[in-house]
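The structure under discussion appears below in the form of C-alpha cells.
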Amino acid sequence: MMKTKGYAALAAGADLVPFEFERRNLGANDVGFEIQFSGICHSDIHQAREEWGTALFPMVPGHEIVGVVTAIGDKVSKFAVGDRIGVGVFIDSCRKCENCSRGLQQYCLEGMTGTYNGYERNSDQIAFGGYSNFFVIDQDFAVKVPSNLDLAAVAPLLCAGITLYSPLRHWGAQPGKKIAVMGLGGLGHMGVKFAAAMGAEVTVLSHSKAKQEDAKRMGASNFVDTKNLDWHKGFQKGFDLILNTVSADIDLEPYLSTLRTDGTLVVIGLPGKPYSVSAGTLLNGRRSIAGSMIGGIPELQEMLDFCGTHNIVSDVEVIKADYINQAYERTVASDVRYRFVIDAKSF
Ligand code: NAP
Ligand code: ZN
Ligand code: ZN
C-alpha cells in the first residue's frame, strides 16, 4: 500500500480538508505515478455538494490528473518510469460490452467506474480522485501526455478538453460551420480553442462581458453578452451547432431559437434540474437537442495528440491545496480564468 496525501470533503457541502489514505499495491497491469497537477472541474463541486444526488464520503475529488510515472507492474508495456501520464473521469469499465469494444468506455453498458464518488471496480475500496499526490491506474485507462505541452496547463484537458473535443468531432466542426459556445468557463474556453483550430466560426454566448477580450484571443469571432435579454433576436437561425457548458439552471428557449434548420444544441453542462423546452421551437427547423459526456480512451489520446500538434492547452490559475475552498467559491461565481489547477506538491 502507498501512503497518499490529499484533500477530501468529509460530508456533503463541507469544506475540503487535508486527508491521508492508502493507494492499492501495484498489480501487473498497473502504473503508479506521482501526481503533478490536478484540475478543479465544476463537476467536483456539484458532487462534493451533492447537487447530483447522494454522494459517497469521504470524497477526494479530482478527475483532471497529470503526473510522472514512478513505478510499473510486470505486464505494463504502454508506459515506462519517467513518462508523462494523464488520467481523466473514469478509471475502469467492463471492457467487453458493445460500447467498451468501440472505445466508448464513458458509455459502458455496465456503467463506467468513476475516478471518485464510487468504489473501485469489483471492490469495496472507495475510489479516491486526483486532489492527492500519488495515483495507481490500470495502464489501459491512462493516456500519454505530449512532451511539448506545459503539464499544469494540460491537466484540464483530461476532462474539460475531451468533453468539448468529442462533440465537436462528432457533429463535424469544420470550415463553413457556425458554432456557438454557451459559457466561457473551464469547458467553454476549451471549446472555443478547439472549434477555432478545426476551422469553424465561433461565437461565445456569455453572461460575463468582462471575458470578451479573452474570448477573441482564444479564437472566437464574436462575443455576445446574454445579459442583454434581446441578444438572440440578432441571431435567429444563425448557428449549426451550440455547445451548452453552462453549470447553472437556465432557460434554453432563446438559445434554441438561434439554431439553423437541422441544427443541434448539445447539452454538456449538468446543473442537476431538468430543462423545459417547447415543442414548437424544436419543430420549427427540425432542430435537435442532444447530450454528450466526456470521451473514451482512444479519443482522449487523439485529443491530447491534437493538442500537441496544434499547441493547445488550457488557461490556468495554479493554486496550492489550501486555496481549494476559495477556488470552489470563485468557480461558482464564474470568476476563474479559466481553470484552477492544484499544484500537487502542496498536499
Ligand atoms: P465553470 O468553469 O464553472 O464554467 C461554467 C460557465 O457557465 C461559467 O464560466 C459561466 O460562463 C456560465 N454560467 C455560470 N452560471 C451562469 C448563469 N447563472 N447564467 C448563465 N451562465 C452561467 O464549469 P465547467 O467546469 O466548465 O463545467 C460546466 C458544466 O459542465 C458543469 O455543470 C459540469 O458539471 C459539466 N460537465 C459536464 C461534462 C460532460 O461530460 N458532459 C464534463 C465535465 C463537466 P460565462 O461567465 O461566460 O457566462
Ligand atoms: Zn470534469
Ligand atoms: Zn462496458
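The values are calculated or read from the model by the stated rules, or taken from the named source; none is laboratory data. Predicted, not measured: the structure shown is a model, and the values here were computed from it. Using ideal geometry, Cβ is built from the backbone for each residue, glycine included, and neighbour counts are taken over all protein chains shown. Ligands, DNA and RNA are stripped out before the accessible areas are found, and what is left, the full protein with its side chains, is counted by its heavy atoms. Shrake-Rupley method; radii C 1.70, N 1.55, O 1.52, S 1.80 Å.
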Legend entry - Cβ crowding within 10 Å averaged over residues, with 330-342, 269-281 ranked highest first: 330-342, 269-281
Inset, instruction - Determine Rg/Rh for segment 131-191; Rg is computed over alpha-carbon atoms and Rh is the Kirkwood hydrodynamic estimate from the same atoms. - result: 1.04
Legend entry - Average Cα contact separation per residue, the chain, under 8 Å, 6 or more apart, as relative contact order %: 18
Inset, instruction - Sort Tyr119, Tyr328 from largest to smallest accessible area, using a 1.4 Å probe on the heavy atoms of the protein chains. - result: Tyr119, Tyr328
Inset, instruction - Compute the length gained on full extension between Gln326 and Ser221: take 0.36 nm times their separation in residues and subtract their Cα-Cα distance, giving the result in nm to one decimal. - result: 34.5 nm
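For the chain, what is the calculated [θ] at 222 nm in deg cm²/dmol (nearest 500), taking -39500 (n - 2.57) for each run of four or more DSSP H residues and dividing by its residue count?
Details: 10 runs with 77 residues, N = 347.
Computed mean residue ellipticity for the chain: -6000 deg cm²/dmol.
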Inset, instruction - Provide the net charge surrounding Ala12, with neighbours chosen by a C-beta distance below 15 Å and charges set as Lys +1, Arg +1, Asp -1, Glu -1. - result: -3
Legend entry - segment 161-291: relative contact order in percent, alpha carbon pairs under 8 Å with at least 6 residues between: 21
Legend entry - Of all DSSP beta bridges in the chain, antiparallel share, percent nearest 5: 55
Inset, instruction - Could you pull out every one of the lysines with an alpha carbon less than 30 Å from that of Lys233, ignoring same-chain neighbours closer than 8 positions? - result: Lys177, Lys178, Lys193, Lys209, Lys211, Lys216, Lys273
Legend entry - FRET efficiency, 1/(1 + (r/R0)^6) with R0 22 Å, evaluated for Asp262 and Trp231 via beta carbons: 0.45
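By accessible area of protein heavy atoms, probe 1.4 Å, what ranking do Ile289, Ile297 get, highest first? Can you show the working numbers first?
Details: Ile289 70, Ile297 15 Å².
In descending accessible area the options line up as Ile289, Ile297.
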Legend entry - Full-stretch length increase - Ala12, Lys273 - with 0.36 nm per residue and alpha-carbon distance subtracted: 92.1 nm
Inset, instruction - Specify the residue with the greatest mean-square fluctuation among Glu253, Glu64, Glu299, computed from a Gaussian network of the chain linking alpha-carbon atoms under 10 Å apart. - result: Glu253
Inset, instruction - Give the carbon-plus-sulfur fraction of the accessible surface of the chain in %, rounded to a whole number; probe 1.4 Å, heavy atoms of protein chains only. - result: 49
Legend entry - Translational diffusion coefficient (Stokes-Einstein; Kirkwood radius from C-alpha pairs) of segment 203-347 at 10 °C, 1.306 mPa s, in µm²/s: 90
Legend entry - Kirkwood hydrodynamic radius (C-alpha pairs) into Stokes-Einstein, the chain, 37 °C and 0.692 mPa s, D in µm²/s: 161
Legend entry - Diffusion constant of segment 146-245 at 4 °C, which comes from Stokes-Einstein with the Kirkwood Cα-pair radius and 1.567 mPa s, µm²/s: 94
